[in-house]
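S.K.: Mind looking over this structure? Questions follow.
The values are calculated or read from the model by the stated rules, or taken from the named source; none is laboratory data. All of these numbers come straight from a predicted model, not from anything done at the bench. Methodologically, a virtual Cβ is constructed for each residue, glycine included, from the backbone with ideal geometry; neighbour enumeration extends over all protein chains shown. Accessible surface areas use protein heavy atoms only, side chains included; no ligands, DNA or RNA. Shrake-Rupley method; radii C 1.70, N 1.55, O 1.52, S 1.80 Å.
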Amino acid sequence: MGAGAGGGGGVGLAALEVARAVGARVIARAGAAKHPMLHARGADVVLDSAAPFREATRAATGGEGVALVLDTLGGEAFDEGLRCTADGGTLLTLGYAGGAIPQLGVNLLLLKNIGVAGLNWGTYLGWSPGDNRRAHAPRVRALWEQLMTWWAAGQLRPEVHAALPLERFREAMAMVRDRRAVGRVVLTP
């Protein structure tokens, strides 16, 4: 079972669908207005992002916690997500949309035998310091092929909340920042 903070955004929705494609049970977390859509996309449990989620996650897992927490928000969501991770589980950090970059007390990692991992997709595409895209190309190609297979089978359905011309980028960023977007906000040149 996995849990995600920021389940109604573009990354959260994609993660939910990938988790379902591999057979995981999913706990998602988002604002109340996004709950019906998360249920429709396959979330088994949907928690309200306006409320603390540690106890609700424990209740949904019979006190076990989750094998994987996907955190796109950082800050308090990271801290609470870490405490929702089951013994031997992993927290995957993908960003800090909540604004605060978390600080990690490593004693919790030791006590629960858990790991924290980061993912910088740019590393695999040459967008980060050191261009290693050629070294990662076979792995990236295999991942894209799997995603395309799931998409063709209808298991992944990218959600576009809005498509705006590039000159309206401030409006687009406000939709994302204020968490009004359900799925992706696209800028068109």
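S.K.: I need the Kirkwood Rh of segment 1-113: take the reciprocal of the average 1/r across all distinct C-alpha pairs and report it in angstrom.
M.R.: Here the Kirkwood hydrodynamic radius works out to 13.7 Å.
S.K.: Residues in segment 45-73, backbone N under 20 Å from the label point at residue 32 (7 Å along the Cα-to-beta-carbon vector): list them, ranges by number please.
M.R.: 45-57
S.K.: Computing the accessible area with a 1.4 Å probe over protein heavy atoms, can you report the carbon and sulfur percentage for segment 108-189?
M.R.: That share works out to 60 percent.
S.K.: Would you work out the relative contact order for the chain, in percent, from Cα pairs under 8 angstrom that are 6 or more residues apart?
M.R.: About 19 percent, as a whole number.
S.K.: Could you check the spin-label model distance between residue 178 and residue 133? Points 7 Å from the Cα along Cα→Cβ, value in nm.
M.R.: 3.5 nm
S.K.: Separate question: Going from the alpha-carbon gyration tensor of the chain, what semi-axes, largest first and in whole Å, does one get by taking the root of 5 times each eigenvalue?
M.R.: 26, 21, 18
S.K.: Let me check the size of segment 103-184 from its C-alpha atoms; what are the radius of gyration and Dmax in Å?
M.R.: 18.2, 50
S.K.: Right, next: Using the C-alpha atoms of segment 19-72, what convex hull volume per residue, in cubic angstrom, is computed?
M.R.: Output value, Cα hull per residue: 85 Å³.
S.K.: Report, in debye and to the nearest 20, how large the dipole of the chain comes out about its Cα centre when Lys and Arg carry +1 and Asp and Glu carry -1 on their Cβ.
M.R.: Dipole size: approximately 360 debye.
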